[in-house]
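Undergrad: Here it is, the structure in full.
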Amino acid sequence: MARRTPLYEAHRALGARMIDFGGWEMPLSYRGIAEEHQAVRRHCGLFDVSHMGEIEVRGPSAAGVCQEVTVNDVRRLGIGDAQYTLLCNEAGGVLDDLVLYRLGAERYLLIVNAANTEQDLGWVTSHAAGRAEVVDRSAALALVALQGPEAEMVLRTLTALDLTALRAFTACTTRVAGEAVVLSRTGYTGEDGFEILVEAAAARTLWDALLESATRRGGLPAGLGARDTLRLEAGLPLCGTDMDATTTPLEAGLAWVVKLDKGEFVGRAALAAQAASGLTRRLVGLELDEPGIPRHGYGVWRDGTPVGRVTSGTKSPTLGTFIGLAYVAVGAAAPGTPVAVDIRGRRVPAHVVERPFYRRVREE
């Protein structure tokens, strides 16, 4: 039986179309993927992402354990800071991507992908080897994401916190709608926004208050369908789809996350060797020159020769174009390179483009 988040009944009340997602019964959409997508781009959207896993690492050696198992440099985190990072295996393959928060002097929180929570918990625990306390907090917490250009205005009505002082990838403990939360300025949509951790028992109160405030500003509840099209427009890879244990962060375009000079960490030797020898393939953006959806696994061709495979694709609701991500040989990875995507036996012309496909206009 699929698991349910603390907000399951709220989704049913809103008429959500529910699907099985990694063993969770989750809302795909409420009023339609495109409408919810556009609400996030123009106003705001509210997502239930409580299926994500939350793993705490505590104790005097917590920083050292996190430094060892993740590729980014944990030493850069002050209390209240967060960073995007990855867990890799010894071969440099991606086990998961996550956001790591430093909540206290000896307290770190990893927010990991739902399907990988058990695997990640075991991985971190085994590497901690008793040096730090590793605790699965997933069942005790709910996580919601408020995303879009109106997100800050929506949240202002529900908290006394000065939100302008909360920078991107920072977090704090505060109250929202009267509930104690950990509030961070993070997200997975390419828009400004916030992610809010709350005790599971208080999730419905928080959700209802946020949704009421959001709808007053043109916002909508948004499901996994819009979350996927939004992240794809923003050029953000999805773990398990665009990267996995057979691909490295360097190949996925995430070299900026990998700090080879920070000292030893799991996968460092393999990644340093790959960086020195050079890549043979890269994850690139594709834009089709004709209508067609480049789906996961479709072949990419250049001059009659196979050069790669699609990992994600959609029709962009914002741009109206047909876009995708694909691993291609480095010789075909330069922006502007003409290629073709094999869609059910028809090679549809396309070209390589820079990521992201969509970039929000930031206010000065």
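The values are calculated or read from the model by the stated rules, or taken from the named source; none is laboratory data. Please read all numbers here as calculations on a predicted model, not as lab measurements. For neighbour counting, all protein chains shown are included, and Cβ atoms are generated from backbone atoms with ideal geometry for every residue, glycine included.
Undergrad: Determine which member of the set 205, 229 is over 14 Å from residue 40 (Cβ atoms) and either in a helix (DSSP H, G or I) or in contact (Cβ under 8 Å) with a residue 24 or more places away in the chain (or both).
TA: One residue alone meets the criteria, 205.
Undergrad: Continuing with the same structure: Here is a list: 173, 189, 215, 229. Which entry is surrounded by fewer than 16 Cβ atoms within 10 Å (Cβ to Cβ), assigned by TED's automatic domain parsing to the domain that holds residue 37 and hydroxyl-bearing (Ser, Thr, Tyr)?
TA: 173
Undergrad: Considering only residues that are of a type in the set (Gly, Ala, Ser) and closer than 26 Å to residue 361 by Cα, which ones fall in region 175-214?
TA: Residues satisfying the conditions are 184, 187, 190, 193, 213, 214.
Undergrad: If you don't mind, there's one more thing I want to ask. Which of the residues belonging to region 267-284 are β-branched (Val, Ile, Thr) and either surrounded by fewer than 20 Cβ atoms within 10 Å (Cβ to Cβ) or within 29 Å of residue 124 (Cβ to Cβ) (or both)?
TA: The one that is β-branched (Val, Ile, Thr) and either surrounded by fewer than 20 Cβ atoms within 10 Å (Cβ to Cβ) or within 29 Å of residue 124 (Cβ to Cβ) (or both): 280.
Undergrad: Within region 295-364, which strands (runs of 3 or more DSSP E) (wholly inside it) include 1 or more residues that are basic (Lys, Arg)?
TA: 299-302, 305-315, 346-353
Undergrad: Please work out which residue is modelled with the lowest pLDDT, limiting yourself to region 15-46 and to residues that are under 21 Å from residue 117 (Cβ atoms) and outside any strand (DSSP E or B).
TA: Per the stated criteria, the residue is 22.
Undergrad: Taking residue 49 as the residue in question, decide whether it is at pLDDT 95 or above and in contact with a helix residue (DSSP H, G or I) (Cβ under 7 Å, 6 or more places away or on another chain).
TA: no
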